[in-house]
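Just below is one structure, and these are the notes that go with it.
The values are calculated or read from the model by the stated rules, or taken from the named source; none is laboratory data. No experiment lies behind these values; they were computed from the predicted model shown. Glycine gets a Cβ as well: all are built from the backbone with ideal geometry, and neighbour counts include every protein chain shown. Just so you know, the surface numbers come from the protein's heavy atoms only, side chains and all, with ligands and any DNA or RNA stripped out. Shrake-Rupley method; radii C 1.70, N 1.55, O 1.52, S 1.80 Å.
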Amino acid sequence: MSNEERLQMNALDDAAEKAGGYVARFVDKDVHYNLRELIKYCKSKGIEPEDLTLKELNEFIIEQ
């Protein structure tokens with residue numbers, strides 16, 4: 001990540017904080033996650049599910 005991208009991300013975080021936070025909106029309703037494994041992973045890492053990166057979250061998609 002470049003310094004400019006980091007600065008833009010910080011500005012977005014600041015604006016979101018002033019507006020009351022982020023809202024997670026999953027557009028694709030057909031995507032399902034293995035929640036048991038996701039929670040187990042989060043506990044092993046000591047993080048909350050909302051702190052997962054998209055790359056990490058995508059590891060728990062269940063193929064339909």
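A quick yes/no check of all residues on (1) in a helix (DSSP H, G or I); (2) at pLDDT below 85; (3) surrounded by 10 or more Cβ atoms within 10 Å (Cβ to Cβ); (4) not acidic (Asp, Glu):
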{"position": "GLU4", "(1), (2), (3), (4)": "yes, no, no, no"}
{"position": "LEU7", "(1), (2), (3), (4)": "yes, no, yes, yes"}
{"position": "ASP13", "(1), (2), (3), (4)": "yes, yes, yes, no"}
{"position": "ARG25", "(1), (2), (3), (4)": "no, yes, no, yes"}
{"position": "LYS29", "(1), (2), (3), (4)": "no, yes, no, yes"}
{"position": "ILE39", "(1), (2), (3), (4)": "yes, no, yes, yes"}
{"position": "GLU50", "(1), (2), (3), (4)": "yes, no, no, no"}
{"position": "GLU56", "(1), (2), (3), (4)": "yes, no, yes, no"}
### Task
Please go through segment 36-64 and pick out each residue that is closer than 23 Å to ASP13 by Cα and in contact with a helix residue (DSSP H, G or I) (Cβ under 6 Å, 6 or more places away or on another chain).
CYS42, PRO49
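Results for (1) of a type outside the set (Asp, Glu); (2) modelled with pLDDT under 90; (3) open to solvent by 90 Å² or more (accessible area, probe 1.4 Å); (4) out of contact with any strand residue (DSSP E or B) (no Cβ under 6 Å at 6 or more places or on another chain), shown as yes or no for each residue.
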residue	(1), (2), (3), (4)
GLU17	no, yes, yes, yes
ARG36	yes, no, yes, yes
CYS42	yes, no, no, yes
GLY46	yes, no, no, yes
